[in-house]
1. With θ set to phi - 60° and the Karplus curve 6.51 cos²θ - 1.76 cosθ + 1.60, what are the ³J(HN,Hα) couplings of the range B:88-104 in order, to the nearest whole Hz, using x for Gly and Pro?
2. In whole Å, what three semi-axes, largest first, describe the equivalent ellipsoid of the range B:88-127 built from its Cα gyration tensor (square root of 5 times each eigenvalue)?
3. Within 10 Å of each Cβ of A:217-226, how many other protein chain Cβ atoms are there on average?
4. Could you name every residue in the range A:326-372 that has 10 Å² or more less accessible surface in the full protein assembly than in its own chain alone (probe 1.4 Å, ligands and nucleic acids excluded)?
5. Calculate, in whole percent, how much of the Cα-Cα pair population of the range A:129-220 lies beyond 17 Å.
6. Which aspartates and glutamates have a Cα lying under 18 Å from the Cα of B:K141, excluding residues fewer than 8 positions away in the same chain?
7. When the helices in chain A are scored as -39500 (n - 2.57) per DSSP H run of 4 or longer and the sum is shared across all residues, what 222 nm value do you end up with, to the nearest 500 deg cm²/dmol?
8. Provide a list, ordered by number, of residues in the range A:305-323 showing at least 30 Å² less accessible area with every protein chain present than when their chain is taken on its own, using a 1.4 Å probe.
Amino acid sequence: METNTQILSTEDLRSQEYFLNMGPQHPATHGVLRLLLTMDGEIVKNIEPDLGYIHRGIEKMVEYDTYRQIIHVTDRLDYLSSHMNNEAVALAIEKALEVEVSDRIKVIRTMMDELTRIASHLLWWGVMGMDIGALTTFMYAFRDREMINEIMEKTTGARLTMSYNIPGGVMFDLHPDFVKDVKAFIPHMRKVLPEYDRLLTGNIIFQRRMKGVGYLSAEDAISHGASGPVARGSGVRCDIRKKAPYSAYDRVEFDEIIETGGDNLARYQVRMREMYESLNILEQLVDNIPEGPYQMPMRTLIKLPKGEFYQRVETARGEFGVFIVSDGKKNPYRVKFRSPGFSNLNALIQAGRGVKLADLVAIMSTFDFVIPDIDR
Amino acid sequence: MTAEELKNYLQSWDDSLEFIEKIPEEVALFAALEDIPSEWLNVEVPLSHFKGIMQHLKSDENTAFDYLFNMTGMDWGQELGVIYHLESTRHGHILVVRVRTADRENPEIPTVEDIWKTAHLHEREIYDLLGIRFTGHSNLKRIFLTPDFQGHPLRKDYEDDYMILRK
């Protein structure tokens, strides 16, 4: 007589692949991203992203806009890096018209960039903890991010979609409190960042979720077009601030953060250490804001010469590019936004293969997606 | 390499073409586009030899373009095409390659998905918005728009009475 154990010998046990629908209304996707997962038990075999839930056709829309209007649309791409996105368009227009902006504008733009980068990384850190079940981080990060939002609000009048850059300068001069507020913010941030490490980084559960999970090799990162902290976590030197310095980045000293682990923890550490570097940059500039005009004289209706103009900037998520093809009219002929999230999503397909479903949530957190940036 | 050195090096390929078979004499392999003001070298590649050249741009030791950082689908009115922005992480130089096809009804360009994996999503996007078919792509279907969507919105002759206001 056969026993139960004989019937269930491993040769007879078979698993069957099935599809799992993740999103579009999934809290860990931070927006409306839908992933079609091919699963074998708990193991993710393949990821197929289904995009377009907030596709607004921005590239078509801007073909009917003037160059001044385009800047306001780019806020709505990666809303956490809105200042850098604005800056990319403004720099591309200035490059095309061969306008050299004053030192004051360059320094203001760089300082705003770094404040935005810290704000974005803070939000990422808070939400990342929440994704893997540590609710406290969210409260800490939002408490400190509030300080940056208030600095932004005082100068630009907006907290998130700032539209502060215009072709040839910035929209308003700095608020009289700006220097004082930034000087209060830097030591505060230096004090709380080690606190963050004690709260989350050293946690044993957190370390287990991070170490060795979601491995992405340097070769794959380059081939998949990854940039920003995702590629730097795999040991790829890709910081546009170093490779092709713009604004005031050629006059400040800072390190390009490289981690070679290629796993979740490496990407996490890159962002944590980048916040210190951003504080260094702010510290070097806050006492040396040059005098000068905050806007250069420009025509109200800007017409770019015939040609193709490309500008790359480093946002909080990676390399953002604006490619403007102009035929000499007041509207561009074609504009392409190279968004970091879209290419990083490619790398997620690679890094997320063969992991457990719960780990995919953690991997997506360390990739730090902003969905409007992917969908455009 | 600087843009000038890169240009001279690419032109030297015209003479030693062991990586592509049988090239008709009249086809210029690279047409350097001087009239486009750009900080980088712009070249145009004939569609017939496009795939072989792109493979060689990555595998050649002296060019080693391993990072495709941007792909732009273009509609030039009569012709459709794609602009590739390539960078070498080893050498640090940048090359802008363009390829065009005059066939608007059934435009086809070979895929570069097997050379740079990032092209997988970018080519799906260009297919969706401009209707260029990338031959050999593993999963070419619409990415942003719904599968039953008619037309390709980024084409200049795309008509939509409701969404696009014509002045």
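The values are calculated or read from the model by the stated rules, or taken from the named source; none is laboratory data. In this text the structure is predicted, and so the values were computed from the model without any measurement. Quick reminder, even Gly has a Cβ in these numbers, built from the backbone with ideal geometry, and neighbours come from all protein chains shown. Accessible surface is based on the protein model in full, side chains and every heavy atom, while ligands, DNA and RNA are left aside. Shrake-Rupley method; radii C 1.70, N 1.55, O 1.52, S 1.80 Å.
1. Here the 3J(HN,Hα) series is 9, 6, 7, 9, x, 8, 10, 9, 10, 10, 10, 9, 9, 9, 8, 7, 8 Hz.
2. Listed largest to smallest, the semi-axes of the range B:88-127 are 24, 14, 8 Å.
3. Counting Cβ atoms of other protein chains within 10 Å of each residue's Cβ and averaging gives 5.
4. Hits at the 10 Å² cut-off: A:Y333, A:R334, A:K336, A:R338, A:F342, A:S343, A:N346, A:I349.
5. 65 percent
6. Within the straight-line cut-off, B:K141 pairs with A:E48, A:D50, A:D375, B:E105, B:E108, B:E113, B:D114, B:E123, B:E125, B:D128.
7. Per the formula, -14000 deg cm²/dmol.
8. Residues meeting the cut-off: A:E308, A:Y310, A:R312, A:F323.
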